[in-house]
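Note sheet for the following structure.
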Amino acid sequence: MLGIGISPDIETFNVLIHGLTEAGMVKEAEEVTENMIQRGVHPDVITYNTLMKGYRLQGQMDEAMGVLNTMVDRGIQPDACSFTILSNGYGKTRKIV
């Protein structure tokens, strides 16, 4: 895209992040998130929910909670989906927050 002068927008980044997390490449998805911030594209609740879901799918609930904390620190309000991802993950891993 960049080679032909098209700048990716939030939707493009979110699709890429979703694909990476579905493939189990959550660390790479985090790198894409940092790259989008460097490019001046601000992550939204969908971006962070996608990262949390990626970590949940891997059973990495501490990392998922870290994403929630980052989201809040950056001024993004979690939504019902955010908390559903976390409660589902903690239920599956039998951890209590």
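The values are calculated or read from the model by the stated rules, or taken from the named source; none is laboratory data. Since the structure is predicted, the reported quantities are computational estimates derived from the model, not experimental observations. Backbone-built Cβ (ideal geometry, glycine too); neighbour counts: all protein chains shown. These accessible areas exclude ligands, DNA and RNA; they are computed on the full protein's heavy atoms, side chains included. Shrake-Rupley method; radii C 1.70, N 1.55, O 1.52, S 1.80 Å.
Which one of THR70, THR50, THR33 has the biggest mean-square fluctuation once the chain is modelled by GNM with Cα springs under 10 Å? Looking only at THR70, THR50, THR33, the biggest GNM fluctuation is shown by THR70.
Length gained on full extension, HIS42 to GLN77: 11.3 nm, using 0.36 nm per residue less the C-alpha separation.
For the options ASP73, ASP62, ASP44, a Gaussian network treatment of the chain with springs between C-alpha atoms closer than 10 Å singles out ASP73 as fluctuating the most.
Quick check on the chain: what does the Kirkwood estimate of hydrodynamic radius come out to from the alpha carbon pairs, in Å?
Working: mean 1/r = 0.0734 Å⁻¹.
In the chain this quantity evaluates to 13.6 Å.
What angle, in degrees between 0 and 90 and rounded to the nearest 10, separates the Cα long axis of helix 45-57 from the longest principal axis of the Cα atoms of the chain? It works out to around 50 degrees.
Spin-label model, LYS27 to GLU11: label points 7 Å out along the Cα-to-beta-carbon direction sit 3.3 nm apart.
Using alpha-carbon pairs under 8 Å, 6+ residues apart, how would you state the relative contact order of the chain in percent?
Numbers: 93 pairs, mean separation 21.8, N = 97.
Averaging sequence separation for qualifying contacts and normalising by length gives 22 percent for the chain.
Based only on Cα atoms, what mean projected area does the convex hull of the stretch 1-55 have, in nm²?
Values: hull surface 14.0 nm².
With every direction weighted equally, the projected area is 3.5 nm².
The sum of -39500 (n - 2.57) across all DSSP H runs of n ≥ 4, divided by the residue count of the chain, sets its helix-only mean residue ellipticity at 222 nm to -21500 deg cm²/dmol. Using a probe of 1.4 angstrom and keeping all protein chains present, the accessible surface of the stretch 49-97 works out to 59 square angstrom per residue.
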